[in-house]
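Trainee: Have a look at the structure that comes next, please.
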Amino acid sequence: MTKKSQTEDDIDVIANQWQTVGLSTDFNSLQIVARVLRISKALETRLAALHAQHDLKAGEFDVLAALRRCGEPALTPSQLYQAMLLSSGAMTSRLDRLENKQLIVRQHCSQDRRSIKVSLTDKGKNLIDSVYPVHFALIQSLMSGLPASEKNQLSQLLKTCLYQLDCTEVDAE
């Protein structure tokens, strides 16, 4: 396999092909979206492989980490899925899997039996405490090719992009 040039990548090739066939668009936007999607997929793949080594499926690490970092002994499922930008259905299935693995426990609130609180079990706390250091080490390693100033710049640009996307209504059609 030959090493790709850093000056032209597959995304540039695709954009050039579209230009050649006459597409008239903002190619910078096309290339940004394509690169963000490719980066997202690459990061998800690497993180999923790490999490699988600890018998965690997609998103389960995020639930355990949210419970660990929250500073509270327990959170409601609503607090969890809002903090993680998930639907309640997606959160319920994750909680079911984690409870079956005995990593979390769901308990009814003593003041309001309709309310449920989710907390880490000792097993869940031990697991997240062993996984998060290698999780963050992997992220640091994956981003090590960028100097700190470029990481800061990229982080701010992505933050601006996310803000713009969050403020834009998506047409339901």
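Trainee: What pairs from Lys123/Lys151; Lys41/Lys125; Lys117/Lys151; Lys41/Lys151; Lys41/Lys101 go past 31 Å between their alpha carbons? Don't jump to the answer; show the numbers that get you there.
Mentor: Values: Lys123/Lys151 35 Å; Lys41/Lys125 28 Å; Lys117/Lys151 37 Å; Lys41/Lys151 19 Å; Lys41/Lys101 27 Å.
Pairs exceeding the cut-off: Lys123/Lys151; Lys117/Lys151.
Trainee: A follow-up question, please. Leaving ligands, DNA and RNA out of it, report the carbon-plus-sulfur percent of the accessible area of the chain at a 1.4 Å probe.
Mentor: Details: 6950 of 12720 Å².
Roughly 55 percent of what the probe reaches on the chain is carbon or sulfur.
Trainee: Oh, and also: Rolling a 1.4 angstrom probe over the protein heavy atoms, how many square angstrom per residue are accessible across the chain?
Mentor: Averaged over the residues of the chain, the accessible area is 74 Å².
Trainee: Tell me which trypsin sites (Lys or Arg not before Pro) from the range 85-173 have a DSSP coil assignment and no more than 10 other beta carbons within 10 Å of their own.
Mentor: Details: sites: Arg94, Arg97, Lys101, Arg106, Arg113, Arg114, Lys117, Lys123, Lys125, Lys151, Lys159; in loops: Lys101, Arg113, Arg114.
Those that pass, being in a loop and sparsely packed, are Arg113, Arg114.
Trainee: Can I ask one more? For semi-axes √(5λ) of the Cα gyration tensor in Å, which listed value, (1) 24, 19, 16; (2) 45, 15, 12; (3) 38, 21, 15, comes from the coordinates shown?
Mentor: (3)
Trainee: Alpha carbon centre of the range 94-135 versus the range 18-55: separation in Å?
Mentor: 32
The values are calculated or read from the model by the stated rules, or taken from the named source; none is laboratory data. As the structure is a prediction and not an experimental result, all values here were calculated from the model. So basically every Cβ, Gly included, is an ideal-geometry build from the backbone, and we count neighbours across all protein chains shown. These accessible areas exclude ligands, DNA and RNA; they are computed on the full protein's heavy atoms, side chains included. Shrake-Rupley method; radii C 1.70, N 1.55, O 1.52, S 1.80 Å.
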